[in-house]
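What follows is a structure written as structure tokens; I'll ask about it next.
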Amino acid sequence: MTEDTYSPQVAVLGSLLLSPELTGEVMAQVRPEEFLSGAYRQVYCAIRALFADGKPIDAVTVRDKLGAEDGDWSQVLLGIMEATPTAANIWEYVPLLKGQARRAAVRQLAGQLAEAQDEEDMGRLIDQLNGLRAERQGAPRSDMEAMLREFYQRHTTAHEYLSWGIDKLDAHLFAELGDMVVIGGDPSSGKTALSVGFAWHLAAKYRVGFYSLETNRHKLADRLVANLASVELGDIKHGELSEEAWKRITQRSPDIRGRSLELIEASGMTMADIRADVLAHRYQVVFVDYLQIVQPESRRENRTNQVGQISRDMQALAHGCGVTVVALSQFSRRDDGTPPTMSDLRESGQIEQDADIIMLLYLEEPERAEKSRRVLKIGKNKEGGRGQGFL
């Protein structure tokens, strides 16, 4: 027997030969290239081809599909079946096979990374490495019996959604990990300050990354500390903090330190860069400030297509990796003073389609910016109602 006689590759193939009715489910989860052995990969491809043609699958039909001229497959198939006493454990074997394939791919990419000639090659390889950690699984599905069982399980326990720190908002939004949330606003309407506050609140429970493409992390820190310690931002900027102000900051320091929030200077990053960094640091919630200045992957596309692709990439990160993405977005120029709608989001079409939740922040009296009340309106809410007046 060879050293891989009892490998997951052999166990999966043997299970399919013993119980061919499992082939369709296995095909949905296992790709041919995940069989590291060339011979075993050929056997799997033969099984797939027979299944696709609606033909029976057993050692005889598989051997015939492989062809005698390609070698003596009888001994290979006999060895596979002898090493697999039962197909009952196939759903233990499949994850082992996929894990083995991922480790081999990581080792191969690591070797290429060590020989990379420039930073562009390194970035591409690092992105591929991080992509392996978020590999797409088979599409989840439920028949009606399973659906009802899952329904009872989900709704006989207390529901828990992301909390934004504003009671009225929490009562209307049912955001979960994996949602894409957009916060739109005019320039200087306060959306960055609002979002930093959201991020700090969420960081009490989740690992949060705040990617700022416009403001450096020190300026974000100034705003955050001013807000949390009830200190005037102007006093911080002028270096004129009083003894009382320092005392308030000191009192809040233990709470600030205890939050899992990281501020990242992301100027020049593409969505591929952000995705790789998110996966590498295992963030559960990320903020991107703001969507329209994320660096596009392609310079040849027009602006609308570039922003549309960035939005789709954000949705793929959220829905595909279970990470809540909160994207800030600018409004197009508005001169009539009317409350904004989703169509006021700059290059809005794809953003409106991709987002699960859209919040719109604006000044009630824009001509009196310093004294105007800020209004936060829910423009889109897939799981709940819409409204305004949450600030």
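The values are calculated or read from the model by the stated rules, or taken from the named source; none is laboratory data. Keep in mind that what you see is a predicted model, and the values were worked out from it rather than measured. Backbone-built Cβ (ideal geometry, glycine too); neighbour counts: all protein chains shown. The protein model used for the area step is the full one, side chains on, heavy atoms only, and it has no ligands, DNA or RNA in it. Shrake-Rupley method; radii C 1.70, N 1.55, O 1.52, S 1.80 Å.
Given H placed on each backbone N at 1.01 Å, which residues far from Met359 in sequence or on other chains put an amide H within less than 5 Å of it?
Val182, Ile183, Gly184, Gly379
Strictly greater than 11 Å: what percent of every Cα pair in region 264-311 meets that?
Details: 768 of 1128 pairs.
The proportion of pairs with Cα distances above 11 Å equals 68 percent.
Relative contact order for the chain: what is it in percent, counting Cα pairs under 8 Å that are at least 6 residues apart?
In percent, rounded to a whole number, it is 17.
Right, here's the next one. Using per-residue counts of other Cβ atoms within 10 Å, averaged over each peptide, order 352-360, 197-205 from highest down.
In descending order of packing, they fall as 352-360, 197-205.
Is it possible to state the helix-based mean residue ellipticity at 222 nm for the chain, with each DSSP H run of 4+ residues giving -39500 (n - 2.57), the sum divided by total residues, to the nearest 500 deg cm²/dmol? What is it?
-15000 deg cm²/dmol
With every protein chain in place, what's the accessible area of Tyr283 (1.4 Å probe, Å², nearest 10)?
The accessible area comes out at roughly 10 Å².
What is the Å³ per residue value for the convex hull set by the Cα atoms of the chain?
219
Next question. What figure in square angstrom, to the nearest 10, would you give for the accessible area of Thr250 with a 1.4 Å probe?
Roll a 1.4 Å probe over it and Thr250 shows about 90 Å².
What ranking do 159-171, 218-230, 287-299, 103-115 get when scored by the average of other Cβ atoms within 10 Å per residue, highest first?
Going from most to least packed, we get 287-299, 218-230, 159-171, 103-115.
Continuing with this model, one more query. Percent antiparallel among DSSP beta bridges with both residues in the chain, to the nearest 5?
25
A further question follows. Report the label-to-label distance for Ser253 and Ser372 in nanometres (one decimal), using points 7 Å from each Cα along the Cα→Cβ vector.
Going by the 7 Å Cα→Cβ label model, 3.9 nm.
Give me the distance in nm between label points sitting 7 Å out from Cα along the Cα-to-Cβ direction at Phe151 and Gln128, one decimal.
4.6
What is the dipole size for the chain, taken about its Cα centre, with +1 at each Lys and Arg Cβ and -1 at each Asp and Glu Cβ, in debye to the nearest 20?
So the dipole magnitude of the chain works out to roughly 860 debye.
Tell me which residues come under 5 Å, amide H to amide H, from Val326 once H is placed; ignore anything under 5 positions away on its chain.
Val181, Val286, Phe287, Val288
Read phi for every residue in region 221-237 and hand back ³J(HN,Hα) as whole Hz from Karplus 6.51 cos²θ - 1.76 cosθ + 1.60, θ = phi - 60°, with x for Gly and Pro.
The phi angles translate into 4, 4, 5, 5, 5, 4, 5, 6, 9, 6, 10, 5, 4, x, 5, 5, 5 Hz.
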